[in-house]
Amino acid sequence: MNRKETTERSGSCCCHRGTDRGRCDPGSRAADPKDGTLPALEIRDHNVSVVIEDGYAITTVEQQFHNPHAQDLETVYSFPVPAHGAVAEFTMWIDGKPVSGEVLEKGEARRVYEEEKAAGREAGITEKDSHKSFDISVSPVRAGDDTRIRLVYLQPAHIDSGIGRYVYPLEEGGVDEQKLAFWTANEKVTGSFSR
């Protein structure tokens, strides 16, 4: 089986398993069922590591979700980020193996994601929603199964005379009330939570 990974510019990323679709340009909210009719997926694990180096904070978030429902679902996970945050990596585990993204133009990445989803293959895409959050869509999250993702983002570290401040968003913070009114939320982690 061929594996192909894509990512899009402007903080967007798409991972999928499928046939070659052409050349790629290099370059805490719970996962919610996209149609909003079912409760949020269970967060099994949430692990965070942060490295501050050379004026940047590099944050790595690994999460594992569980779909307790009787049907496969497309889910959307919205993750708050700082105003100047940029995606450095999006990885999704497919068949137990990590599949990382590559950069594509935003429209092309969306097209590839939709094609893979329509063909019934596993796919994921990360898109930056203005400066407020990254929205990660995964399709399908198999019924009764777990899905694992990793998001790495960079942000400038404002350090003066060796002293700085870093904030990891443990909640959305009400940055977009209209958007939050649409989503269901599950802020309970049933497995491990590290930071």
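The values are calculated or read from the model by the stated rules, or taken from the named source; none is laboratory data. Given the structure is predicted, the values throughout are model-derived calculations rather than measurements. Cβ coordinates were reconstructed from backbone atoms using ideal geometry, including for glycine residues, and neighbour counts include every protein chain displayed. For the accessible areas, the whole protein counts, side chains as well, though only heavy atoms, and no ligand, DNA or RNA atoms are used. Shrake-Rupley method; radii C 1.70, N 1.55, O 1.52, S 1.80 Å.
Side notes on the structure shown:
- Net length available on complete extension from residue 163 to residue 119 is 10.7 nm, with 0.36 nm assigned per residue and the Cα-Cα distance removed.
- Here the Karplus relation 6.51 cos²θ - 1.76 cosθ + 1.60, evaluated at θ = phi - 60°, turns the backbone of the range 155-168 into coupling constants of 8, x, 9, 8, 10, 10, 6, x, 10, x, 9, 10, 10, 9 Hz, with x for every Gly and Pro.
- Per-atom-type breakdown for the range 69-115 gives carbon and sulfur 51% of the accessible area (1.4 Å probe, protein chains only).
- Inter-site label distance for residue 111 and residue 83 at 7 Å from Cα along Cβ, in nm: 3.5 nm
- Full-extension gain in nm, residue 69 to residue 50, via 0.36 nm per residue minus C-alpha separation: 3.5 nm
- Residue 89 long-range amide H proximity, modeled H, under 5 Å: 152
- Exposure ranking of 97, 128 by accessible area [1.4 Å probe, largest first]: 97, 128
- Table column - 3J(HN,Hα) (Hz), the range 46-53, Karplus curve with 6.51, -1.76, 1.60, x for Gly and Pro: 9, 10, 10, 10, 10, 10, 10, 8
- Take each peptide in 156-166, 111-121, 76-86, count the other Cβ atoms within 10 Å of every residue, and average; sorted highest first, the result is 76-86, 111-121, 156-166.
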